[in-house]
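Heads up, the thing below is written out as structure tokens.
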Amino acid sequence: MEPEKKKISLTNVNLLFDIVIFVAFLLSLDPYATGHAIHEWLGITLLAAIAIHLLIHWRWIEKVTAGFFRKSSTQARLNYVLNGLFFIDFVVVVFTGLMISEAALPSLGLTIGHSTGMKTLHRTSADLLVVILGLHAAIHWKWILNAIRRFIVQPVGRLFRRKKSNVVTVEVKA
Amino acid sequence: MKIAIRILIILLAAALIAGITYGITQLSSGSGSTAAEGFQHSGEGGRERAEGGNRGAGEGFNPGAFEGEHSHSTGANFSTTLENLGKIGIITAIVIAISLGLDQVKRARHRRKSQPA
């Protein structure tokens with residue numbers, strides 16, 4: 001008999017991926033703590049991560065784009081606009097970050113003159129990104145709560161329960 | 001193939017946004033319309049630096065991130081990370097509270113309508 005393959009749910013992958021993106025995002029917003037090199041490379045990596053996040057949710061994007069003016073609900077429309085703003089703002093943050101890069105681009109042999117306008121725009125758009133992320137999390141709070149309950153709280157709880165029942169079995173045998 | 005096209009769409013969108021951003025910043029720096037650019041073009045480096053110091057002292061979500069005296073950190077300090085986490089939490093909590101409140105209002109209205117007079 002072949003050993004049973006464990007199925008990994010897409011929601012599980014999604015949740016883990018989102019948690020990783022969220023933590024990386026928080027860290028990248030703090031160049032003070034991480035240092036410039038990590039801040040810049042993390043920002044560039046995050047852009048790739050956001051692209052993967054979009055690929056995971058591509059069906060939803062297609063669906064809402066196609067029915068934006070007809071079928072979609074108000075909540076879906078609001079979500080779509082907010083996500084669009086999030087993407088635009090994130091690209092602006094990464095692009096302006098690259099333009100004022102002090103570590104990532106110079107390490108590749110590229111240097112671009114620093115512009116104060118770019119720095120201001122980088123800072124302002126990063127501030128705005130925090131607000132948009134808060135709204136993004138708020139719109140998906142039910143999904144986040146359900147996923148955390150299903151994939152983190154319940155499995156951990158089951159683990160403890162199993163341990164408890166093992167202890168009881170040992171006691172009975174003794 | 002499908003994924004490649006999707007990635008291409010994302011990259012094109014990103015490139016478009018980056019291009020627009022670059023265009024806007026170039027235009028604004030050309031006319032010296034922003035205060036910061038104005039300082040740069042008039043050669044008032046001292047004032048610009050002073051502005052950077054003020055900004056570093058605590059304006060915005062990332063105080064002292066790039067400029068100003070306060071950006072010289074002594075070791076890893078994740079206070080800004082925690083601060084941002086708190087801000088995201090507060091925004092999320094406010095929006096959740098509003099949405100729950102609206103839900104309650106909707107439900108109450110629905111109950112009132114469905115009750116016989």
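We did not get these values from a lab; they are worked out from the coordinates using the rules stated. Note that the structure is a prediction, hence the values are computed from the model and not measured. Cβ atoms come from the backbone with ideal geometry, glycine included; neighbour counts cover every protein chain shown.
Helical runs (DSSP H, four residues minimum) scored at -39500 (n - 2.57) apiece and divided by the length of chain A put the mean residue ellipticity at 222 nm at -25500 deg cm²/dmol. Both radii come from the Cα set of the range B:78-117: Rg as radius of gyration, Rh as Kirkwood radius; their ratio Rg/Rh reads 1.42.
Coupling constants for the range A:78-85 follow from the phi torsions by the Karplus curve (6.51 cos²θ - 1.76 cosθ + 1.60, θ = phi - 60°), and in residue order they are 4, 4, 5, 5, 5, 5, x, 4 Hz; glycine and proline get x. Label-to-label distance, A:ILE152 versus B:LEU11, with points set 7 angstrom from Cα along the beta-carbon direction: 3.4 nm. Rounded to the nearest whole Hz, the Karplus-based 3J(HN,Hα) values (6.51 cos²θ - 1.76 cosθ + 1.60, θ = phi - 60°) of the range A:18-32 follow the sequence 5, 5, 4, 4, 4, 5, 4, 5, 4, 5, 5, 7, 10, x, 3, with x at glycine and proline.
In degrees from 0 to 90, rounded to the nearest 10, what is the angle of the helix A:116-139 Cα long axis to the longest principal axis of chain A? Result, in degrees: 30.
For the range A:68-170, what log10 I(q)/I(0) values come out of the Debye formula at q = 0.12, 0.13, 0.15, 0.23 1/Å, with one point per alpha carbon and no solvent? Calculated log10 I(q)/I(0) at the listed q: -0.68, -0.72, -0.80, -1.12.
Scalar couplings 3J(HN,Hα) for the range B:7-23, obtained by applying the Karplus form with A = 6.51, B = -1.76, C = 1.60 to θ = phi - 60°, are 4, 4, 4, 4, 5, 5, 4, 5, 5, 4, 4, 4, x, 4, 4, 4, x Hz; x denotes Gly and Pro. Would you mind estimating how fast the range A:1-92 diffuses translationally, via Stokes-Einstein at 37 °C and 0.692 mPa s with the Kirkwood radius over Cα pairs, in µm²/s? D = 212 µm²/s. Helix A:154-173 and the longest principal axis of the Cα set of chain A meet at an angle near 30°.
Extension gain, A:LEU16 to A:LYS71: 0.36 nm times the residue separation minus the Cα-Cα distance gives 16.7 nm. With viscosity 1.306 mPa s and temperature 10 °C, the Kirkwood radius over alpha carbon pairs of chain A converts through Stokes-Einstein to a diffusion coefficient of 82 µm²/s.
Restriction of the GluC sites (Glu not before Pro) in the range A:3-70 to DSSP coil positions whose beta-carbon has at most 12 other beta-carbons within 10 angstrom yields A:GLU4.
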